[in-house]
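Below: one structure, written as structure tokens.
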Amino acid sequence: MDFRFTEEQDMLRDGARRFVADKLDYAARGKQITTGEDRWSDFAELGWLMLAVPEAAGGLERPLEDIAIIAEELGRGIAREPFVCGGFLPARMLALAGAAEEALQALAAGERRYAVALHETSRRFSLDGLDTVASPQADGSYRLSGRKTLVLGGGEADRLIVAARTGEEGAPALFLVDADAEGVARKGYRTIDELNAVDVTFDGAALPADVLLAGSGTASAILDQALDEAIVLLCADALGCMDRAIEMTAEYLGIRKQFGQTLASFQALQHGVADLFIEANDARSMVYRALAACAGDAEGRARAVSACKIKVMEAGRFVAGQAVHFHGGIGMTTEYPVGEHLRRILVAEQLFGNPQHHFERYMAAA
């Protein structure tokens, strides 16, 4: 795989960076937190929601490397919009499941928003043996009961893609559920990096027969592939966080003075920033390796993605944590953005499997 950007990819990155600088700066982020507004319609107008949608459904069907460029730039801007969890992941799951073109077209146009409700507190990161059950009825419909946690973008979603058992077997099936249906309750809150999330409770919700997106025989393969690709995009988002944290640190050390000279003139601090740069670029190489592996077989993809998640999140903790440290007291305040990058990485570290989970997964695959 050639990781040099094409001219088209350079244009994609530059456009995304300009948008983030103009529309998603830190002042705009504060306003969004207060008012609840977001830029999802702008994402649709820019074509970002079409990137993972097949051409047959009116999408662009771009490779994962292109989507990673957008994810990285949104990480630089600590965007609150759930691009990976509410844009890419639902689109990829719908496409892999062969959903109706209308559903994908509505997602790509930003006319209908989706969220993915998979994980449960009792099962941690495993999707086998879920407590959420969709009980088949005599007329072909289903009764859905259970509870899902940490559904990013779930409060704004019109539809939920839900993983649930249909019987005693442990493998999940996937259902496309109306978020406002009777028997569906959402409780909203914010994560420590100010993202909107909900816990969803299904209390015997009546679902028509056509809500089955993928049966238990095919859903596991869809989940494995889509989640692996989403994990790589979360790692690309973390790369953007690290790069911006390093830039902010270098800028701060260049203006902050101690003993009559800037902190950047002290060799120990110069070496410290160089260490951050090296660590971030080591992490970048792991993202590139995982991107390449996503085009290969499932076993190689699983190993590469788990290794990527472990390394990138470890590097992110170190880089963003040291950036906060170099800023001193101001880095600990909620009013200064460098700490937001650290909190974003801490949340991403727990999404779709923490490092311990991925270490065990890597060893099992190896």
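No value in this document is a laboratory result; all are computed from the given coordinates. Owing to the predicted nature of the structure, the values given are computational and were not obtained by experimental measurement. Here Cβ is always computed from backbone atoms with ideal geometry, including for glycine, and neighbour counts include all displayed protein chains.
Pairwise Cα separations in region 113-252 fall into 5 Å bins from 0 onward with the following percentages, short to long: 2, 10, 17, 21, 19, 12, 7, 5, 3, 2, 1, 1, 0, 0.
Counting only alpha carbon atoms, the long axis of helix 267-293 and the longest principal axis of the chain meet at about 30°. With a Cα cut-off of under 26 Å and a minimum spacing of 8 residues unless on different chains, the lysine pairs in the chain number 4.
Can you compute the FRET efficiency between Gln350 and Lys187 using 1/(1 + (r/R0)^6), with r the Cβ-Cβ distance and R0 = 22 Å? Round to the nearest 0.05. That gives a FRET efficiency of 0.70.
Could you give the length gained by full extension between Ser41 and Asp178, i.e. 0.36 nm per residue of separation minus their alpha carbon distance, to one decimal place?
Fully extending the segment from Ser41 to Asp178 adds 47.3 nm.
Based on alpha carbons, the Rg and Dmax found for region 259-366 are 16.9, 58 Å.
Sparse packing (at most 13 other Cβ atoms within 10 Å of the Cβ) combined with a DSSP loop state is found for the following GluC sites (Glu not before Pro) in region 141-179: Glu168, Glu169. Relative contact order of region 50-116: 36 percent, from C-alpha pairs under 8 Å at least 6 residues apart in sequence.
Placing dummy labels 7 Å off each Cα toward the beta-carbon, the span from Ala21 to Asp282 is 3.1 nm.
Kindly state, to the nearest 0.05, the FRET efficiency for Ala274 paired with Ala109, given R0 = 41 Å and r defined as their beta-carbon distance.
The computed FRET efficiency comes out at 0.35.
Within the chain, the percentage of alpha carbon pairs spaced more than 26 angstrom apart rounds to 51%. Here the label points at Ile33 and Ala206, each 7 Å from Cα along the C-beta direction, are separated by 4.4 nm in the simple model. For region 189-289, GluC sites (Glu not before Pro) meeting the loop criterion (DSSP other than H, G, I, E, B) and having at most 10 other Cβ atoms within 10 Å: none.
Applying a DSSP loop filter and a limit of 15 other Cβ atoms within 10 Å to the chymotrypsin sites (Phe, Trp or Tyr not before Pro) in region 1-72 leaves Phe3, Phe5.
Convex hull volume per residue, computed on the Cα atoms of region 229-313, equals 71 Å³.
At an R0 of 30 angstrom, the distance between the Cβ atoms of Phe266 and Arg317 translates into a FRET efficiency of 0.80.
Dividing the convex hull volume of the alpha-carbon atoms in region 29-145 by its residue count gives 161 Å³ per residue.
Relative contact order of the chain, please, whole-number percent, based on alpha carbon pairs below 8 angstrom and at least 6 residues apart.
Taking the mean separation of contacting Cα pairs over the length of the chain, I get 15 percent.
Scaling the Cα radius of gyration of region 26-93 by the globular reference 2.2 N^0.38 Å produces a ratio of 1.16.
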